[in-house]
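Undergrad: Please see the structure below; I have some questions.
The values are calculated or read from the model by the stated rules, or taken from the named source; none is laboratory data. Quantities reported herein were computed from a predicted structural model and do not represent experimental measurements. Here the Cβ is made from the backbone with ideal geometry for all residues, glycine too, and neighbour counts use every protein chain on show. Heavy atoms of the whole protein, side chains included, go into the accessibility calculation; ligands, DNA and RNA do not. Shrake-Rupley method; radii C 1.70, N 1.55, O 1.52, S 1.80 Å.
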Amino acid sequence: MALFHKVLRGTYILRKCSKPASALHPFLGIRFADYSSSLQKPVASPGKASSQRKTEGGLQGHHQKEVALDITCPEGKPDVSFDKAIRDEAMDHFRRLKDEIVNHWKGPEGRPLQEALLEQAKVVWQFRGKEDLDKWRVTSDKTIGGRSEVFLKMGKNNQSALLYGTLSSEAPQNGESAHSGYCAMISRIPRGAFERKLSYDWSQFNTLYLRVRGDGRPWMVNIKQDTDFLQRTNQMYSYFMFTRGGPYWQEVKIPFSKFFFSNRGRIRDVQHELLLDKISSIGFTLSDKVDGPFFLEIDFIGVFTDPAHTEEFAYENSPELNPRLFK
């Protein structure tokens, strides 16, 4: 923490004043003195001295036309106010915390409770600008030495997100992984004041609703619950999404009761219901073992209540697999 404090203090000084190292903070004075000394002009050899003087003479006229850069502070000393920066950052977090508390008393997400209870559909993610893309991250088997590539950018007219790349199932030549070939797009976990983890509450909805356009490949839709237990970081709920291909958009509706429980990519024998009041992230994974280019264009991702869907859970549990449910 002390090192972080000193580095930020030095950064603030450089922003306020570009004076040489003698006027900087003592912690940064030695570092920048060494850096400035390393940038000094090297001594030329006797054979190159004449050519160097000619070059300097030719550049002298050009340099005289340039305006000299004043690197001294007008006050004569740097205005160091790192404590003020820390205070402003803390006040900003307290202000965000106050807004969260006020919105909580008003109702879900700051709306009246009656309005939230009567809501039948809700758009959670839509893609209309770069700030919407910043809520997502992409990954591939390159993290384990694979050759797949994946990219994310705005679609045509900034009305959608385009996920594209190349899938390669060639196993990495590191002797550790025998299988490869996946690309994924995962939403970032929302953060509140003081970088607290937040979650989505979809308990009043029963269906996931997407508007996508793909190339005919099957995708896996993954939903993660909000948990701080380390042993549950690889647990998720998944279901398949089949794209039709072609130039037309398709609307995909997946009931939450269809999502099955898995851990480290393996479907578990004992299935559990998805808790919709603690959703942390959602993702899309491609791993169909078909090498080549791919793309998936997404307009929006939302949830809604389907009155025709009354199923609570699509999978059965037996006393042999999960005896605790039958006590």
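Undergrad: Has the stretch 235-249 got at least one residue that is open to solvent by less than 20 Å² (accessible area, probe 1.4 Å), of a type in the set (S, T, N, Q), part of a loop (DSSP other than H, G, I, E, B) and in contact with a Lys or Arg (Cβ under 7 Å, 6 or more places away or on another chain)?
TA: Yes: the stretch 235-249 contains one or more residues that are open to solvent by less than 20 Å² (accessible area, probe 1.4 Å), of a type in the set (S, T, N, Q), part of a loop (DSSP other than H, G, I, E, B) and in contact with a Lys or Arg (Cβ under 7 Å, 6 or more places away or on another chain).
Residue-by-condition table, conditions (1) closer than 30 Å to Ala171 by Cα; (2) at pLDDT below 90; (3) outside any loop (DSSP other than H, G, I, E, B):
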| position | (1), (2), (3) |
| --- | --- |
| Glu251 | no, no, yes |
| Gly283 | yes, no, yes |
| Phe300 | no, no, yes |
| Thr310 | no, no, no |
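Undergrad: When residues of the stretch 191-228 are filtered for being farther than 30 Å from Lys156 by Cβ, of a type in the set (D, E, K, R) and part of a strand (DSSP E or B), how many remain?
TA: Residues that pass the stated criteria total 3.
Undergrad: Kindly evaluate Phe261 against the criterion of being more than 28 Å from Leu133 (Cβ to Cβ), out of contact with any helix residue (DSSP H, G or I) (no Cβ under 8 Å at 6 or more places or on another chain) and modelled with pLDDT of 90 or more.
TA: Criteria met by Phe261.
Undergrad: Follow-up question, since we're still on this one. Suppose we filter the stretch 163-219 for residues that are buried (at least 17 other Cβ atoms within 10 Å of the Cβ) and within 30 Å of Met91 (Cβ to Cβ); how many remain?
TA: 3
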